[in-house]
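Participant: One structure follows; several queries about it will come next.
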Amino acid sequence: RRREGISKFNKIYEFEHHLFGQNVTVTMTSVSGHLLGLEFKAPFQKWHSCNPFLLFDAEVEKYCPDNMIQIKRTLEKEVRQCQALIIWTDCDREGENIGFEIIDVCKAVKPNLQVFRAKFS
């Protein structure tokens, strides 16, 4: 079964599957690349606002760019009904990073969520 997500580009699919020794309903969706970004905190956000050497000690913060807010909201909404999260991103450094961004968003809503990693090639 397919339904619309908050983002018109990232549909939600539901299907029955035998997983971890039991029959479960799987809810699957997607992200479109990196979900979160990193930015220096003020006053270090502008290129010429400080001596570049100060950036080595400057704090950074994670944020969700405007073009990813709808995808983030979909994850936050859907994870409320889930018992587990399975990450199916590419098995490379970028895929791992994106996977951890998904985990951060989902665990902010459901801290005790079980997380698993699909490994494929």
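FYI, it's all coordinate maths here, none of it is from the lab. Computed from a predicted model, the values in this text were never measured in an experiment. Here the Cβ is made from the backbone with ideal geometry for all residues, glycine too, and neighbour counts use every protein chain on show.
Participant: More than 21 Å apart: what percent of Cα pairs in the chain qualify?
Facilitator: Of all Cα-Cα distances in the chain, 48 percent exceed 21 Å.
Participant: If you build the convex hull over the alpha carbons only and average its shadow over all orientations, what do you get for the range 66-121? Give it in nm² to one decimal. Let's see the in-between values first.
Facilitator: Numbers: hull surface 16.0 nm².
Answer in nm², one decimal: 4.0.
Participant: Local charge sum around G33 (other residues, Cβ-Cβ under 13 Å, Lys/Arg +1, Asp/Glu -1)?
Facilitator: With Lys, Arg at +1 and Asp, Glu at -1, the neighbours total -2.
Participant: In addition: May I ask what percent, to the nearest 5, of DSSP beta bridges between residues of the chain are antiparallel? It would help to have the intermediate numbers written out before the result.
Facilitator: Working: 13 of 17 bridges.
That works out to approximately 75 percent antiparallel.
Participant: Hey, what do the phi angles of the range 29-34 turn into as Karplus ³J(HN,Hα) couplings, whole Hz, using 6.51/-1.76/1.60 and θ = phi - 60°, x for Gly and Pro?
Facilitator: Once θ is set to phi - 60°, the couplings for the range 29-34 become 9, 9, 10, 10, x, 5 Hz.
Participant: Mind jotting down the distance between the C-alpha centroids of the range 37-66 and the range 11-36, whole Å?
Facilitator: The two parts, judged by their Cα centres, are 35 Å apart.
Participant: Per-residue HN-Hα couplings for the range 51-57, Karplus 6.51 cos²θ - 1.76 cosθ + 1.60 at θ = phi - 60°, whole Hz, x for Gly and Pro?
Facilitator: 5, x, 5, 5, 5, 4, 10
Participant: Search the structure for amide H atoms under 5 Å from the amide H of L85, placed 1.01 Å from N in the peptide plane, and list their residues when 5 or more places away or on another chain.
Facilitator: Q114, V115, F116
Participant: Please compute, for the alpha-carbon atoms of the range 1-66, the extent along each of the three principal axes and give them in descending order in Å.
Facilitator: 58, 30, 14
Participant: Going by alpha carbons, how many degrees (0 to 90, nearest 10) lie between the helix axis of 93-109 and the longest principal axis of the chain?
Facilitator: Computed tilt is about 80 degrees.
Participant: Quickly estimate the mean residue ellipticity at 222 nm for the chain, helices only: each DSSP H run with n ≥ 4 gives -39500 (n - 2.57), and the total goes over all residues, rounded to 500.
Facilitator: Taken over the chain, the calculation gives -7500 deg cm²/dmol.
Participant: Using only Cα atoms, find the angle between the long axis of helix 69-79 and the longest principal axis of the chain, and express it within 0 to 90 degrees, rounded to the nearest 10.
Facilitator: Result, in degrees: 40.
Participant: Then there's this: Please compute the contact order of the chain in relative form: average sequence separation of alpha-carbon pairs under 8 Å and at least six residues apart, divided by the residue count, as a percent.
Facilitator: After rounding, I find 21 percent.
Participant: Further question: Straight-line reach from K110: which lysines have a Cα under 25 Å away, not including same-chain ones fewer than 8 places off?
Facilitator: Counting by Cα, and skipping residues close in sequence, K110 has these lysines nearby: K8, K11, K62, K72, K77, K119.
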